[in-house]
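We did not get these values from a lab; they are worked out from the coordinates using the rules stated. This is a predicted model, so every value here is computed, not measured. Cβ atoms come from the backbone with ideal geometry, glycine included; neighbour counts cover every protein chain shown.
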Amino acid sequence: MHASEPRHRSGVALKRLKLFLPLGLFLVLGGFLLVGLRLDPQALPSALIDKPLPSFSLPALGQERVVDQGMVTGEVSLFNVWATWCVSCRIEHPFLTELALNGLPIYGINYKDEDAEALRWLDELGDPYRLSIVDAEGSLGLDLGVYGAPETYVVDAAGVIRYRHVGVVNELVWAQTLKPIIDELRREQRAGDRS
Amino acid sequence: MIPEFGHFALIISLGLALLLSVVPLLGSFRGDQKAMAMAPSLAIGQFVFIAIAFACLAWSFVADDFSVALVANHSNSLMPTVLKFAATWGNHEGSMVLWILFLSAWIAAVAVFSTALPLVLLSRVLSVLGFVAVGFLLFSLLTSNPFERILPGTPQDGADLNPLLQDPGMIIHPPLLYMGYVGFSVAFAFAIAALMGGRLDASWARWSRPWTNAAWAFLSLGIMLGSWWAYYELGWGGWWFWDPVENASFMPWLAGTALIHSLAVTEKRGLFRSWTVLLAIFAFSLSLLGTFLVRSGVLTSVHAFASDPARGVFILAFLGLVVGGSLTLYAFRAPAVQSRIGFEWVSRESLLLFNNVVFLVATLTVLFGTLFPLITDALQLGKYSVGPPYFNAVFLPLMALLIPFMGVGPTSRWKRDTGRRWLQELVAPAIAALIIGVLFPFVYGGEFNLWVMLAVILAGWLALAMLRDLYMRLRSSRWRSIPASYWGMQAAHLGFAITVVGVVLVSQYAVERDLKMRPGDVEEVAGYSFTFNSLEPVQGPNYVADGANFTVLRDGKAVAVLQPQKRRYLASGQVMTEAAIDAGPFRDIFIAMGEPLEGGRAWAIRLHYKPFVRWIWAGAIAMAFGAFLTLADRRYRRARQRATAPLGGGLEAA
């Protein structure tokens, strides 16, 4: 390593610089983690709350027809993103079935799934959905900003998204969060109908 | 008073850890023998006090002291004593104490078993470990105090442990996992000490290897138990979900696997030194990252702990200090430990390098997939997660790519080998594996199945190449002269082949049917007939249940009587599915109760037939067993007996 060997020297410098690569990568990762701490994975991007459902035109699961956003609105309802590969969807399934039995309209968004498997699942576990929208490519999910299944949206009678819940819907989530919102929306709707 | 004693013990432990992290380290740089010699006693003292703290916490649980907030929130007087004890770590605060207990146990073990290490190296290793302990003790005391009281207003009874956790699998799963996580801290500390001393040689690698293998073995068992638990306790027969919490334990395992192989090259050939050091830092960093992901709430998961941003900030700061600090040290000091020996491309070194590359890519792939939601969210691209399809699509081909080379590994020679020799030696196992692989799907499943064929060819190749190598060894030398580390390698690699077979066969051949059944109904699944005999209420210690009774017949002969339950836990009102499983080496029969139908006269019943599912866990146990077996190798003990001064780091370089 003499001054007369500039090429060798720059090679060494480069080699030493490379040793900082792991540190650099870690700093980038640490930056993301730091930002991540301040973000709430449960929160909906504010852009979509109080906005109408994104427009779509997708097949209905197990039916020979295509549905769009206009055909699934008109009542206060839940939109539930589910898939057969989703573990937690199985956990919430019985509870959704119970809600549906009590008359709550629930629409499914079958997210990045296989039709045959999805139909088999509904056949076996029961079908709480008025219909399931087939979102095989995840395009509707992309427009909605789906974080992962399961995810549940409260949509009002006018087709406007009012709330988003990430994760399993169970008795607790229902009683503390979703039911109060739905009751309020229904009151609004009745008030609107009367006036 | 007992909880207060525990709290004090925790604080004393922190004090000793602080001393341990500072005094011997300073001593090692100033050549102060007395300061360095304090390290082992400080390490053991720190362990004793954290053990007292843990015992106090466990006592509070077992004795139903509901004035302790943690006990009130996670235990219940109706629970069996064993579960009360296990509830000690069935929550964030308590599991942190268990984590520190194990960390301190590893530190104390290093202090006790490494007396032959040069004092400078030993004191640095123990100081680095002490620093890690300081971080977690501070974390526990400042953000997650397990001994907090509810006074006045002590509740009459506790809120109960999450029913999912009230299970023997869950009692031992976290402890094994933590043993593995914190075990990598030893390899990490050895790596940091080597960087500080600027010396890293074969004896250093020989010191690090048994600790790394032990940690890896515990982690393997921990992951395996988690998978097994999910299979029988969650009630739908799945065994791996690529959930962030699972990934958190899987990433250190992958990096640890690379580390084990890289250490082998460093010990035998003095190569890959700075690479080995980097992998040791990675493996432990990923353990820390896992802790961060599970406990900070940055990612949503089915089984993440209740999150708290303050905890997240603390762990992230600690992560930044430890990982950032060690990578900075690495960047400046790596040239001092780099090796300058060459090897040919056709050699065992290249095969192990390939192993390292595959496992590192696999680690980064899982890391990227796990953090993907966070990254897109932070970049304000929206909130997405990648899901199991991504992980399967990238992970499975990587593993498939690995296996052809794994088969060559043991037969290959160090430094220089020839492709022709490999061909000569291994053509027979290759042809045999091809024949078995092509025939298997027809013989077992009755029709062609591409994935089964590929998996059986690969696993068959690996197993046959391994067994052939063993056979050749046994022919040329007596079995007693074969070192334990060779037997361990055999067991671990055969275990890998077994797991591959299990994973692919169960995913291809499982039969799952969900049916509506009433008592008296008979259903046929995969050649077994299931008779729903009766339905009766069951009274458990802290739950009530609906229990079903099934008889399973095959060809008219009784195979098993299975009694699945649907439980409702009294304190929390949570409903749990207790699956009933008839396990066998080649198939499991799995019955779980879904939901009551027709007002409870009929039930949704899941009948599953799972071929080869046990192989997944049997393979993992073999891998862990293999890693434990290597600890018996004589050369590690010889190294311990030979107390030679020139080992490890020297003062002159520091």
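Summary table below
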| quantity | calculated |
| --- | --- |
| Relative contact order (%) - chain B, alpha-carbon pairs under 8 angstrom, separation at least six | 14 |
| Aspartates and glutamates with Cα under 20 Å of B:K415, excluding same-chain neighbours fewer than 8 positions away | B:D201, B:E267, B:E344, B:E349, B:E425, B:D469 |
| Between helix A:6-18 and chain A: long-axis angle, C-alpha atoms, 0 to 90°, nearest 10 | 30 |
| Cα-based helix-to-principal-axis angle, A:21-38 vs chain A, degrees rounded to 10 | 30 |
| Which of B:L78, B:A55, B:W99, positive extreme of dipole for segment B:1-166 (C-beta unit charges) | B:W99 |
| Neighbour-count ranking [beta-carbon atoms within 10 angstrom, fewest first] of B:L129, A:L125, B:L19 | B:L19, A:L125, B:L129 |
| Gap separating the Cα centres of segment A:124-159 and segment B:442-473, nearest whole Å | 43 |
| Rg [Å, one decimal], Dmax [Å, integer] - the protein assembly as shown, C-alpha atoms | 28.9, 96 |
| Whole-Å semi-axes of the ellipsoid equivalent to segment B:547-605 (Cα gyration tensor, √5λ, descending) | 25, 14, 8 |
| 222 nm mean residue ellipticity, helices alone, for chain B (DSSP H n ≥ 4; -39,500 (n - 2.57); rounded to 500) | -22000 deg cm²/dmol |
| Point-to-point label distance, B:A432-B:F29, nm (Cα→Cβ direction, 7 Å offset) | 5.8 |
| Protection proxy ranking of B:394-406, B:97-109 - average other beta-carbon atoms within 10 Å, highest first | B:97-109, B:394-406 |
| Rounded Å value of the spacing that divides the Cα centres of segment A:54-84 and segment A:160-186 | 19 |
| Length-normalised contact order of segment B:511-613 in % [C-alpha pairs under 8 Å, at least 6 apart] | 25 |
| Net charge dipole size for the protein assembly as shown [Lys, Arg +1 and Asp, Glu -1 on Cβ; Debye, nearest 20] | 4820 |
| Charge-dipole axis of chain A as Lys and Arg at +1 and Asp and Glu at -1 on Cβ define it, positive-most pick from A:L58, A:P150, A:G103 | A:P150 |
| Positive minus negative residues near B:N542 (Lys, Arg vs Asp, Glu; Cβ under 10 Å) | 0 |
| Helical segments meeting 30 Å axial Cα length and Kyte-Doolittle -0.5 threshold in chain B (DSSP H) | B:2-30, B:33-62, B:92-113, B:119-143, B:168-197, B:202-233, B:244-269, B:273-296, B:348-378, B:387-408, B:450-476, B:484-509 |
| B:R568-B:A51 FRET efficiency (beta carbon distance; Förster radius 25 Å; 0.05 resolution) | 0.10 |
| Global form of chain B, assessed from the alpha-carbon gyration tensor, a/c cut-off 1.5 | oblate |
| Rounded to the nearest 20 debye, dipole of segment B:1-166 from Cβ charges on Lys, Arg, Asp, Glu | 660 |
